[in-house]
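One structure below.
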Amino acid sequence: MHRSARWGIAALAAVVATAVMPATSQAAAPLPPGFLWGVASSGFQSEGSPGGKPASNWTVPRSGQTPIGRSVDFRNRYRSDIALARGLGVKVYRVGVEWARVQPSPTRFDEREWAYYDDMIGAIVAAGMRPMITIDHWVYPQWMMRAGGWTNPASVRWWLRYANRVVHRFAKFDPMWVTFNEPVVNIAQQLSRGELPPSAAPTMADRMVEVNRRIYREIHRIQPRAMVTSNSAYIPAGGEPLIDPVLTDRFMRHADYVGVDNYYGFSLGNPLAVTGALRDGMAGLPVSADSIYYALRYNARRYPGKPIYVVESGMPTADGKPRSDGYRRGDHLADLIYWVQRARAAGIPVIGYNYWSLTDNYEWGSFTPRFGLYTVNVERDRSLRRIPTDAVPVYRRIISRNGVAPSYRPTRPAEFCSIVEAAASCLEPVR
């Protein structure tokens, strides 16, 4: 950026600051006793696919992408990972069922893999936690993709056959449900990977909306008090009002709660922070804990009357190294919870929070971005040790106290003129 442009942005920021700079942070009000603390993961990202099996759209070799291999081997280490989650004190453990694993061909379901999910989800319940089960987390059997994926009219029948099996098999555990993980990003991923022609994006969207409606009704038929959603990746800087009418609003017509994913934040007070991504990739994108407040406020206003659950939230580092902005995982986590408590005190009906993720895992082509409470050096440590980060005791303490203390104040102040909620977060800042 040219020097004069930098000075222009700085001057604009200085002018706006006098009107909208937030005051000193207030005390965080306590959360209700039934608040749901959780951790999150996905099947494919943590279970692994050694040797490219089970074969899915994400095991096809691609230039520039690291093969997943066994990832963090949750498939064989799930009991010890569930014990780690139990040790934190969480009430909810989000996991996923991978379609390619349980249906490796159009005509055959793999009962051995169904039995694995029986045992894994049962172990979560036995450990005193409620499962949150994701039915679709971007991963599709290769046989489906070779037949055209969502462009094939039969995809509706194929998906519902699989999803109905998931629901009928696991409803007995009284799980919370996530039908589709981040549908907008799912479409974007398939477009960027060449799996979906641009002209077919509306077809994929329409078919996902249709099967979501039908599986929602089936879940409620056999589990009448079920809590069902499709979580949405909150896109800062005004992206949501453009996207929601096209897709998210349609999913929310058949949802019992709003599932929000929040990771990044942008502000006029730090307009050059995004350049960190050029150096560190995903781990260099700017994070600001107060962004979660604005994401929650936006969704409460857009979907009034629905409770809100933070289905995913966390902070990436690059290969487990300290972030260039100096933000530590434990400090960031405590700051996030402070703003969740502030949101609840402001009348925003947030009912739960999942940290993404319990352990590091495969981040869609790379092991470099690390989000785990427990770090795992997949590429250099064959034993795949789960090493606690500084956030483990922080989260354990937060859960035991049902939030941060009233005396807690964020380690980083609220961003000046946040644009997470577009103009609203700058003109109506949290104080």
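Do you know which residues across region 355-375 are aromatic (F, W, Y) and more than 19 Å from P67 (Cα to Cα)? Before you say what the answer is, go through the steps one by one.
Quick first cut of region 355-375, residues aromatic (F, W, Y) only: 355-356, 362, 364, 367, 371, 374.
If the condition is that a residue be aromatic (F, W, Y) and more than 19 Å from P67 (Cα to Cα), then Y355, W356, Y374 are the ones that fit.
Out of region 142-175, which residues are surrounded by fewer than 16 Cβ atoms within 10 Å (Cβ to Cβ) and of a type in the set (G, A, S)?
A147, G148, A154
Do we find that A283 is over 16 Å from the mean Cα position of the chain (by Cα) and not acidic (D, E) in this structure?
no
Suppose we keep only residues that are out of contact with any helix residue (DSSP H, G or I) (no Cβ under 9 Å at 6 or more places or on another chain) and among the polar types (S, T, N, Q) within region 176-195. Which one would you say is surrounded by the fewest Cβ atoms within 10 Å (Cβ to Cβ)?
Once the filter is applied, the top-ranked residue is S192.
List the helices (runs of 4 or more DSSP H) inside region 54-132, counting only whole elements, that have at least 3 residues being of a type in the set (V, I, T) and out of contact with any Phe, Trp or Tyr (no Cβ under 8 Å at 6 or more places or on another chain). Steps first, please.
Details: elements: 74-88, 99-102, 111-126.
Where helices (runs of 4 or more DSSP H) fall fully within region 54-132, none carries at least 3 residues being of a type in the set (V, I, T) and out of contact with any Phe, Trp or Tyr (no Cβ under 8 Å at 6 or more places or on another chain).
Test of understanding: among D390, D381, which residue is touching a residue at least 40 places away in the same chain (Cβ under 8 Å), surrounded by fewer than 15 Cβ atoms within 10 Å (Cβ to Cβ) and more than 28 Å from Y257 (Cβ to Cβ)?
After applying the criteria, what remains is D390.
Checking R409 against (1) within 30 Å of A83 (Cβ to Cβ); (2) surrounded by fewer than 19 Cβ atoms within 10 Å (Cβ to Cβ), only one condition comes out false. Which one?
(1)
Does F109 satisfy the condition of being surrounded by fewer than 21 Cβ atoms within 10 Å (Cβ to Cβ), touching a Gly at 6+ places or on another chain (Cβ under 9 Å) and of a type outside the set (A, V, I, L, M)? Before the answer, list the steps.
On the way: surrounded by fewer than 21 Cβ atoms within 10 Å (Cβ to Cβ): yes; touching a Gly at 6+ places or on another chain (Cβ under 9 Å): no; of a type outside the set (A, V, I, L, M): yes.
The answer is no for F109.
Return yes or no: is Y327 surrounded by fewer than 23 Cβ atoms within 10 Å (Cβ to Cβ) and touching a Leu at 6+ places or on another chain (Cβ under 9 Å)?
Values: surrounded by fewer than 23 Cβ atoms within 10 Å (Cβ to Cβ): yes; touching a Leu at 6+ places or on another chain (Cβ under 9 Å): no.
So Y327 fails the test.
Here is a check on your reading of the model: is Y374 touching a Pro at 6+ places or on another chain (Cβ under 7 Å) and over 22 Å from A29 (Cα atoms)?
Working: touching a Pro at 6+ places or on another chain (Cβ under 7 Å): yes; over 22 Å from A29 (Cα atoms): yes.
So Y374 passes the test.
Residues that are under 24 Å from R112 (Cα atoms) and hydroxyl-bearing (S, T, Y): does region 173-194 have at least one?
Yes, region 173-194 contains a residue that is under 24 Å from R112 (Cα atoms) and hydroxyl-bearing (S, T, Y).
Output the residues belonging to region 221-239 that are farther than 30 Å from L285 by Cα and crowded, with 16+ Cβ neighbours inside 10 Å. Explain how you work it out, then say what you get.
To start, the set of residues in region 221-239 that are farther than 30 Å from L285 by Cα comprises 221-228.
Scanning region 221-239 gives Q223, A226, M227, V228.
Quick one: which of D256, D244, D280 is over 27 Å from P429 (Cα atoms), among the acidic types (D, E), modelled with pLDDT under 95 and surrounded by fewer than 21 Cβ atoms within 10 Å (Cβ to Cβ)?
Working: D256 fails: modelled with pLDDT under 95; D244 fails: over 27 Å from P429 (Cα atoms).
After ruling out the rest, the residue left standing is D280.
The values are calculated or read from the model by the stated rules, or taken from the named source; none is laboratory data. A quick note: this is a predicted structure, and the numbers were derived from the prediction, not measured. For neighbour counting, all protein chains shown are included, and Cβ atoms are generated from backbone atoms with ideal geometry for every residue, glycine included.
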